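I have placed the structure first, in the form of structure tokens, so that the comments after it can refer back to it.
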Amino acid sequence: MADVIWVYAETSDDKITTTSLEMLAKASEVGKAEAILLGPAPDEAVQTLAQYGASKIFRNADTVYRDYLTLPAAETVAGLIQKHSPAVMLCASSYAGRDLVANLSARLDCGAITDVGDFQLKDGKVEATIPALGASYQNTSTLASQGTRLLLVRPKSFEPKVSEQPLAIEDVAAPADESLRQVHMKERVTVKREGPSLEGAKIVVSGGRGLKGEENFAMLKELADVLGGAIGASRAAVDAGWVPYAMQIGQTGKTVKPDIYFAIGISGAVQHLSGMKTSKTIISINKDPEAPIFQYSDFGVVGDLFKVIPQFIEELKKRKGD
């Protein structure tokens with residue numbers, strides 16, 4: 001009988017997150033994939049999970065999971081784990097996922113492995129692969145404890161695949177204990193976004209310290225608009241206050257895996273590389289020929305970005321007939 005792998009499904013922008021679907025793909029590959037979906041979700045959420053490999057979904061749409069952080073979800077998931085004992089439970093390395101796994105690890109006294117890029121089951125044990133130093137090295141880790149293994153998975157670690165399964169839905173009860181309603185969500189703030197999201201963009205145009213100021217990101221926006229891509233940034237640009245944190249790519253920001261990644265005025269620090277190194281094609285523009293980013297680039301331009309980018313935009317517009 002195949003090992004049962006659970007995926008804690010999350011929603012964002014009224015749809016199941018891409019990372020949830022990525023984890024389902026891996027779970028289906030390793031064993032029998034099942035999902036947990038708690039709190040309000042779009043009407044098609046259950047069908048989406050089934051389409052991407054979930055053979056069973058534990059479901060409760062109660063708003064307690066949305067309005068109160070961590071504790072209600074942890075109570076429900078811990079109870080399900082104790083009842084069903086899946087081999088592995090996967091959570092995204094998101095704010096919600098990290099909080100949930102930390103709580104479950106303490107409740108169940110089972111430990112957890114974080115920042116997982118891959119995993120496999122061997123003789124009843126889970127062996128996780130963890131990228132290090134900008135994914136230049138791969139470390140492996142196992143959990144010595146018995147019972148369900150908890151893994152926090154990096155975004156873009158797996159490719160989502162349509163693998164529709166016969167679906168069973170099990171309704172679960174929401175916790176009624178008032179002591180679990182200690183941390184209340186007071187307000188949700190949505191950062192206004194123009195163009196495609198970073199996480200799903202096929203082309204990402206990212207800028208760093210070499211842009212020298214907030215106003216010069218307008219040049220990158222123009223390039224992204226011409227290419228139909230999204231704009232990202234290095235931590236240096238975010239720390240300088242030029243762009244919001246939502247645009248940060250790297251170890252402490254978002255992980256992207258586009259078809260084409262433009263690194264413009266970015267030196268290539270290890271922390272940034274960890275968030276974009278797996279891009280299919282990396283194109284870098286930097287005036288410093290010794291910039292580390294060139295070591296990881298498929299194409300590199302040594303030059304003044306303030307001269308190169310306008311010429312590039314002009315040529316692209318010509319070829320598109322704009």
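The values are calculated or read from the model by the stated rules, or taken from the named source; none is laboratory data. All values reported here derive from a predicted model rather than from experimental measurement. Cβ coordinates were reconstructed from backbone atoms using ideal geometry, including for glycine residues, and neighbour counts include every protein chain displayed. Ligands, DNA and RNA are excluded from the accessible area calculation, which covers all protein heavy atoms including side chains. Shrake-Rupley method; radii C 1.70, N 1.55, O 1.52, S 1.80 Å.
Under 9 Å between Cβ atoms, which residue pairs at least 6 apart in sequence (or on different chains) link something in the stretch 93-113 that is more than 16 Å from Thr11 (Cβ to Cβ) with a partner that is assigned to a loop (DSSP other than H, G, I, E, B) and basic (Lys, Arg)? Qualifying pairs under 9 Å: Ser93/Arg154. The residue that is least open to solvent (accessible area, probe 1.4 Å), counting only those in the stretch 228-242 that are in contact (Cβ under 8 Å) with a residue 24 or more places away in the chain and over 15 Å from Val204 (Cα atoms), is Ala237. For the stretch 115-128, the set of residues classified as within 21 Å of the chain's Cα centre (by Cα), under 17 Å from Ala25 (Cβ atoms) and crowded, with 16+ Cβ neighbours inside 10 Å consists of Val116, Gly117, Asp118, Phe119, Ala128, listed by residue number. Considering the stretch 82-92 alone, what residues qualify as being more than 11 Å from the chain's Cα centre (by Cα) and in contact (Cβ under 8 Å) with a residue 40 or more places away in the chain? Those that are more than 11 Å from the chain's Cα centre (by Cα) and in contact (Cβ under 8 Å) with a residue 40 or more places away in the chain: His84, Ser85, Pro86, Ala87, Val88, Met89, Leu90. Those residues that are part of a loop (DSSP other than H, G, I, E, B), at pLDDT 95 or above and closer than 24 Å to Ser93 by Cα, I need them from the stretch 226-246; list them, please. Scanning the stretch 226-246 gives a single hit, Ser234.
The residues of the stretch 309-322 that are part of a helix (DSSP H, G or I) and either exposed (fewer than 13 other Cβ atoms within 10 Å of the Cβ) or within 22 Å of the chain's Cα centre (by Cα) (or both), listed by number, are Gln311, Glu314, Glu315, Lys317, Lys318, Arg319, Lys320.
Looking only at residues in the stretch 129-158 that are touching a residue at least 60 places away in the same chain (Cβ under 8 Å), more than 20 Å from Glu199 (Cα to Cα) and hydroxyl-bearing (Ser, Thr, Tyr), the one that is least open to solvent (accessible area, probe 1.4 Å) is Thr148.
Taking the criterion of being farther than 17 Å from Asp304 by Cα and crowded, with 17+ Cβ neighbours inside 10 Å, the residues of the stretch 197-220 that qualify are Leu198, Glu199, Ala201, Ile203, Val204. Here is a check on your reading of the model: is Val162 within 30 Å of Thr129 (Cβ to Cβ), under 26 Å from the mean Cα position of the chain (by Cα), open to solvent by 40 Å² or more (accessible area, probe 1.4 Å) and among the β-branched types (Val, Ile, Thr)? Here the answer is yes, as Val162 does meet what is asked.
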